[in-house]
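Worksheet: one structure, shown below.
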Amino acid sequence: MQTDNQETHLIPRVLTEALPYIQRFSGKTLVVKYGGNAMIDATLKNSFARDIVLLKQVGINPVVVHGGGPQIGDYLAKLNIESKFVNGMRVTDSETMDVVEMVLGGLVNKDIVNLINRNGGKAVGLTGKDGHFMTAKKLTVTRKTAGVNSSEIIDIGHVGEVTDINSDVVDMLLHSDFIPVIAPIGVSDDGVSLNINADLVAGKIAEHLQAEKLILLTNTPGLLDKDNRVLTGLNTEDVKNLIADGTIHGGMLPKINCALEAVANGVNSAHIIDGRVPHATLLEIFTDRGVGTLIQNTPV
């Protein structure tokens, strides 16, 4: 009986804590990058879908951008196509790009759309080819060669970077009570499909929509200090100092740079949150403590 009483008192406290945030963000756009464990674990998938539907129901406009690297790797393995990486990016020849487009733009995208719809939402799947809304150019990378002072330029195939976003398609969906679910596939000026990092796509879409928030779901608790404690309430200067002293390094750097660029270009705040926590998106947006790292352009 004590547990029931505790829960009875907890529910109104949670709701009243959420109310000011619901009021503040009503009518605002949030771009959520969905990936990692949250896309694989069945319980987390369902909690994410319910979060997105709830955001829409309380007047917030969520836009979902998803990854799908593990799913791509699985299908390539089934087809006996070797996965190669350069600087953490998948080398994508024409054959691999066909699989990427099938998995991201088809299987993964439609699975997320179906999940949101089953939880009471109205989701629509998109790639950059739809309405030609995300144009891109081919990306080349440089790599240091051992024993040589100069770097070599490497062609990694159908891998791109965003050059422009035509937000008309997304705006139309948002104003029609739909939830856009976007696969990170762009299209070049000459119609070639390009695979793009989902974090970067989410950041660019957030910038073009002038979103209130960019939320990046990860498999870590957030940005950690050197003692593995979660850092939050950071401004861009704080983050740059953490990069300079080596606190931020390795795989977290691309996410952090994406967040910095977004807040420097009109997005009010960027959040790096733990997608392994059920209902992480709601906890970050509607509670005082949150479940990750908050970054803003100005002091928090």
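Structural remarks
- Spin-label pair Asp171-His132: with each label point 7 Å from Cα along the Cα-Cβ axis, the two points sit 1.8 nm from one another.
- Measuring nothing but how far apart in sequence close Cα pairs (under 8 Å, 6+ apart) lie, relative to its length, the range 158-202 scores a relative contact order of 46 percent.
- Orientation-averaged projected area, Cα convex hull of the range 153-271 (nm²): 9.3 nm²
- Computed 3J(HN,Hα) for the range 173-184, one whole-Hz value per residue from the Karplus formula 6.51 cos²θ - 1.76 cosθ + 1.60 where θ = phi - 60°, is 5, 4, 7, 10, 6, 9, 10, x, 10, 10, 8, x, glycine and proline marked x.
- Oblate is the label for the range 211-300, because a/c, from the alpha-carbon gyration tensor with a ≥ b ≥ c as root eigenvalues, is 1.5 or above and a/b does not exceed b/c.
- The mean accessible area for residues of the chain, using a 1.4 Å probe and ignoring ligands and nucleic acids, is 48 Å² per residue.
- Carbon plus sulfur fraction of accessible area for the chain, probe 1.4 Å, in percent: 51 percent
- Counting all C-alpha pairs of the chain, share separated by more than 35 Å (%): 19 percent
- Prolate/oblate/rounded call for the range 249-300, Cα gyration tensor, a/c under 1.5 rounded: oblate
- Classification of the range 4-75 by its C-alpha gyration tensor yields an oblate form. The axis ratio a/c (a ≥ b ≥ c) is 1.5 or more, and b/c is at least a/b.
- Relative contact order computed over the chain (Cα-Cα under 8 Å; 6+ residues apart), in percent: 22 percent
- Two-site FRET efficiency, Val192 against Asn46, from Cβ-Cβ distance with R₀ of 35 Å, rounded to 0.05: 0.45
- Formal net charge of residues neighbouring Leu76 (Cβ-Cβ distance under 15 Å; K, R +1; D, E -1): -3
- The chain: DSSP helices with Cα axial extent of at least 24 Å and average Kyte-Doolittle hydropathy no lower than -1.0: 2-25
The values are calculated or read from the model by the stated rules, or taken from the named source; none is laboratory data. A quick note: this is a predicted structure, and the numbers were derived from the prediction, not measured. Don't worry about glycine lacking a Cβ; one is built from the backbone with ideal geometry, like all the others, and counts go over all protein chains shown. Surface areas here come from the heavy atoms of the whole protein model, side chains and all, with no ligands, DNA or RNA. Shrake-Rupley method; radii C 1.70, N 1.55, O 1.52, S 1.80 Å.
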